[in-house]
1. Considering B:K253, B:K202, which residue is within 14 Å of another protein chain (Cβ to nearest Cβ), under 22 Å from the mean Cα position of the chain (by Cα) and surrounded by fewer than 23 Cβ atoms within 10 Å (Cβ to Cβ)?
2. Among residues belonging to region C:154-173 that are within 16 Å of C:L279 (Cα to Cα) and buried (at least 22 other Cβ atoms within 10 Å of the Cβ), point out the one that is nearest to the other protein chains (Cβ to nearest Cβ).
3. Any chance you could count how many residues in region A:67-86 are crowded, with 17+ Cβ neighbours inside 10 Å and within 14 Å of chain C (Cβ to nearest Cβ)?
4. Exactly one condition in (1) under 20 Å from A:A155 (Cα atoms); (2) within 27 Å of the chain's Cα centre (by Cα); (3) facing another protein chain (nearest Cβ under 7 Å); (4) in a loop (DSSP other than H, G, I, E, B) is not met by A:L56; state its number.
5. Could you tell me how many of the residues in region A:163-172 are within 9 Å of another protein chain (Cβ to nearest Cβ) and part of a loop (DSSP other than H, G, I, E, B)?
6. Tally up the residues in region B:59-109 that are within 12 Å of another protein chain (Cβ to nearest Cβ), closer than 30 Å to B:L196 by Cα, in a loop (DSSP other than H, G, I, E, B) and not hydrophobic (A, V, I, L, M, F, W, C), please.
7. When only residues in region B:23-47 that are β-branched (V, I, T) and not in a strand (DSSP E or B) count, which is nearest to B:K71 (Cα to Cα)?
Amino acid sequence: MNNPVSKLVVENLHLKYGDNPILKGVSLALNPGEVVALLGASGSGKTTLLRSVAGLEQPNEGRITIGDSVLYDSAAKFDLPVEKRNLGLVFQSYALWPHRTVFENVAYGLRLRGNAGGDIDRRVGDALSNLGLGALAKRLPHQLSGGQQQRVAIARALVYNPPVVLMDEPLSNLDAKLREEARAWLRELIVRLHISALVVTHDQTEAMAMSDRILLLNFGKIEQQGTPEEMYNRPETLFTAEFMGSNNHLPGKVAQVADGKALIEGEGWRLWGAARDELKPGDAATGVIRLERTHIADGAGENRVRTELITDMFLGDRRENLFKLGALRLRCYGNPPRGNGECFLQLQPDDLWVYGTSEAS
Amino acid sequence: MPFAKLLSSLACAIALVSASYAQVPAGYPADYAKIVDGAKKEGKVVVYSTTDAKLVTGLIKDFEAAFPGVKVEYTDMNSTEVYNRFVSESAANATSADALWSSSMDLQMKLAADGLAAPYKSPEAAALPEWARFKDTVYATTFEPIAIVYNKRLVPAEDVPKTHADVTKLLTAKADKYQKKVTTYDVEKSGVGFMLANQDAKYDKDYWELVKALGARGTNMQSSTGTMMERVSSGENLIGYNILGSYALTRAKKDPSIGIAFTTDYNLVLSRLVFVAKNAKNPNAGRLWLDYLLSKRGQTITSEQAELFSVRTDMTGKDSGTAFAKELGSAVKPIAVNNDLLTGLDQTKRLEFLKQWQTALGRK
Amino acid sequence: MFDPSMTTRGISIPRTTVVAITALVIFMPLGLIFWQSFLNAPFFNPAHRFGFDAYAFIFADSDFWTAFLNSVLIAGAMVVIALPLGAALAFLLTRTDLPWQRTIEVLVLIPVFVSPMVLAFGYVVAMGPVGFYSLWVKQLVGDVPWNVYSLFSIAVIAGLTHVPHVYLYSSAALKSLGSDVEEAARVVGANPLRVALNVSLPMTMPALFYAAVLVFFLGFELFGLPLVLGDPEGHLVLSTYLYKLTNKLGTPSYHLMAAVAVCIVAVTFPLVLLQRWLLKTAGKYVSVKGKATRQKVLPLGGWKWVALAIVAAWLMFTIVVPISGIALRAFVDQWGEGINLADVLTLDNFRGVLDAKDQVRAIINTLLIGTVGGGLAVACYTAIGLASHRQSGGVVKILDYIVMIPRAIPGLLAGLAFLWIFLFVPGLKELRNSIFSVWLAYTVVWLAYGMRLISSALLQIGPELEESARTVGASGARVLKDVTIPLIRFGLLASWLLVFMIFEREYSTGVYLLTQGTEVIGSMLVSLWSAGAIDQVAALSLINIALVAVGLAVALRFGVRLHE
């Protein structure tokens, strides 16, 4: 279904709105058949990056190519207009044309490419049935549910077989329940059709579920990129560590450094953790540990902290407990001991990542 | 003491009487003082008029000087508005005019015929010609000949028509020059225009030929003298037919482009009619105003300052109707103030005339 | 249009009163006109009888049918001319990188605020057979290639002067168009022109239809333009035919005039209803915007100059030509063929205006009506708007429809109807001679317009702001006083300025209400024009334009957006 030699390459893209830099030199490569997630908070530049690839934003510097075609090259002062880039884009708001039927919405791209009528009918029919929309061909957008509109938007983007499909927050407009089902379904679709996709999302769970690789953006720069496992299990910076997963944070000061481990201490506690930065004693640091790696212990012991249980929350498949450690709040799963509320938590040194922080934090 | 009292009251009485005597205009009967006093008590006279306020500022000032204590509340509107308002207000018994002074002769006669005018024999009536008064109720106050105006810059002297037949001849002979360059009243839109056309038809046996010529030349039909004169002055039109002479003369004083011609076969004369309203709230003041308009004093001012020729038979100076009438002799045809004017207001007759007019024009 | 999510139960008595008063001031004049049309004489004439004479007369009068046909033709031509131009202008100014957009936006709206009488008169002086421009062209090419008095010219001028109305609605629609639907079209392969034709245009169709209906409707009501330009060659439209009936039968024939008015309303009222329906349908095209992305403007490249040339040509013809004509006429004492302009420049005309007490009074009255009257009118519109704010149900629906009605009545007849009301309704006689009568007529005639201004201001307030006040304990009335009104005060200010400008240029409504003391510039212009005092007309018009310009400048200074 794809053009096999269509690797999307973005080189050193810079983009400024007036004096405000949005993208500060971003590079990425998308291999055919790959799904890459552009992950980040609002203002990180992920949507701007996506739109720049589509041609809807004007970068100041850099190069964008797809296979042999150049889409944008600042050195050569070349900027291919949007309508000539032949990419698919699924908008966050779906952007269906309200005055056209579902069929016409999807067919428009083919009509512009001069396909014959019979051909259009066939291809649109295929696209619609691929997405389970066969019965809705004659409806107007305002007669569809949110989920149905989303699928029409996707069908529209795929019908003319673009080498790359761009998706802007494809799941954020859906209800929470639908979102979970939709991300599975979307992943299945992408895999089945061998689509190369660039997906923008702010939800790290979504990014991990849907993509082969994640690019985490932080204020216009790539913080880290890698497979979902790499991003989750081996975060290189504090930002990445905190962005992925659900965590406990323990800000404190480094007391000792030995053998790749650092002893971090705070008010009423000291713990050994894995040193992820160049640290020396006296440095301000933060320890980050995933919730699922924080365990309830039966008593005092090595690398444990004494906390007080504040409350617990029943989440259906597990219990989440909230503990108080001085001014800190720690959470973990499991059944807390009965008793006077005192509880010990075990934080293994390998799981507690210690990163250096600047003085301010 | 009683004698002193008697003397002082007598003195007061004499003073009062002589005071009022002092303001009764010369030649008026003694009991006119009652009207003057009544007017002073009323304090004002409400006049609805079609005469431009600018033209009568001098007149109003003089009236107020002659009769201190009587203010003039002067509203000038066009003739339909005068009629409209007066009729509506009278029907509603609301405050309305005390005196109506309008150049729309037929409408004034209709109001009188409908009983809205108060009969009043003016002491000045004797000085007016026969045609100028109706049953001691409605009076003509001015003598305004109808004129033909032309653009002095662009119309050569030999083209200026001297009779109505000349007009027809000019328009037929010099068709090219005068195509779309003539203007006159739209008799459907203008009451004055209609009245003049009616009168023309009465006096001119070849009137319909003239109308045909007007139609053939694509004549511009307007609804007011002012617009017609504006167009003649600018040269957009070369000739204006049936223009109010008084306006033309006023305009010609400032505007060297305006030329005026009177016709020798017959020349219509219009007049502004005045009457006192039957239900006037200030009847005495109304009468005072009417008499003032007809008096020599008032007529002198109107003729000098407003170019509205005087109508009195005993005024023969340069701005008097009498002098003008002498010049044109028997050609002068003043429109008589009587009920003949009402035929034009009869719906059937009016529509018939209009239809005839439109057909002659070649428009329908 | 109205949010039924919050119903207030607290202030029903004042609300009912407001609605009742509104209904009264709307239906009285209309009812009077209706009733009058079925009589054979003025209703206050004791000899009047019920019958269809009036209708029989006008339907048998060929002039009526000619006027009707002309009205339809001109209205149609206006739509044909104004719609494409207005839509194109809106597209150029909202979607492309046309230079000087801010300035052009303001200039485009000028014809809305200049009185049509003044514009028409300007065309006569500028482009009439011996107009300034005509004579210059004659010198160049030997002849004047146009006739400003032909039906064609009237239609063209009417069309061009109504471009701003189409522009207002089209640009509002384009601005609220989500950029994502246009971007989506570009991504699937449509170039900018195709986007405009396949996406932007169809999605703004409802707004364009609305504007088309509005222009057609305004074409039916056209009065000042055909009065001045139609007279010389006798081209009649319905409103000037009505005006002509004032004299056709010798005495003013109110019943005929009322019958014609009823015919006009019979055409305009359905159009008003159609407009409402279109407004509702447009709702389904409201796009859900995603993240606020900046609308990418279409670069015009070389076409920029072509577009600018077209815009300049329109501005030139619609604004510069007539206003320069008036300006020139105001400063000379004669004009025309054979006159050297330099010889005749003078300030006498202005002196003449200042000397004439009634004209000075007219200027002062107009200012008063615009400022104080405008403010009072806005207060009334606000009261009515608040009465139906956040309400649903019968009363509100009724209000919705009845405020449309006055728009359908020609201003001329509305003024006459108000004169009768003031005369014959007991208790109102004393107020007739005061400027109150003129103010009331204006306020009622412009009711629909004022209501739109107020309701769009009210729509800006999210219901949560008022709901939160209720939950902390404020009563319905206090919410209005402490939350709603303070929040819309900027919108109220904007409305006041816009109403000021509208009242300044009004002319037909006051014609019959003109008395000593209640003259306003607009109706003075009509009567001066009829009397032929053209130099005064020019000077007074220029003063009127200056007043409106000041209002416009103040409005812009306060950042009032004229696009509501």
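The values are calculated or read from the model by the stated rules, or taken from the named source; none is laboratory data. Just so we're clear, the structure is a prediction, and the values are computed from it rather than from any experiment. No Cβ is skipped: glycine too gets one built from the backbone with ideal geometry, and neighbour counts run over all protein chains shown.
1. The conditions single out B:K253.
2. Of everything passing the filter in region C:154-173, C:A173 is nearest to the other protein chains (Cβ to nearest Cβ).
3. Number satisfying all stated conditions: 5.
4. (1)
5. Of the residues in that region, 1 qualify.
6. Count: 4.
7. Restricting to residues being β-branched (V, I, T) and not in a strand (DSSP E or B), the top hit is B:V36.
Residue by residue, here is whether (1) at pLDDT 75 or above; (2) surrounded by fewer than 20 Cβ atoms within 10 Å (Cβ to Cβ); (3) on the phi < 0 side of the Ramachandran plot; (4) in contact with a Pro (Cβ under 8 Å, 6 or more places away or on another chain) holds:
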residue: C:V332; (1), (2), (3), (4): yes, no, yes, no
residue: C:E337; (1), (2), (3), (4): no, yes, yes, no
residue: C:D348; (1), (2), (3), (4): yes, yes, yes, no
residue: C:T382; (1), (2), (3), (4): yes, no, yes, no
residue: C:R390; (1), (2), (3), (4): no, no, no, yes
residue: C:K397; (1), (2), (3), (4): no, yes, yes, no
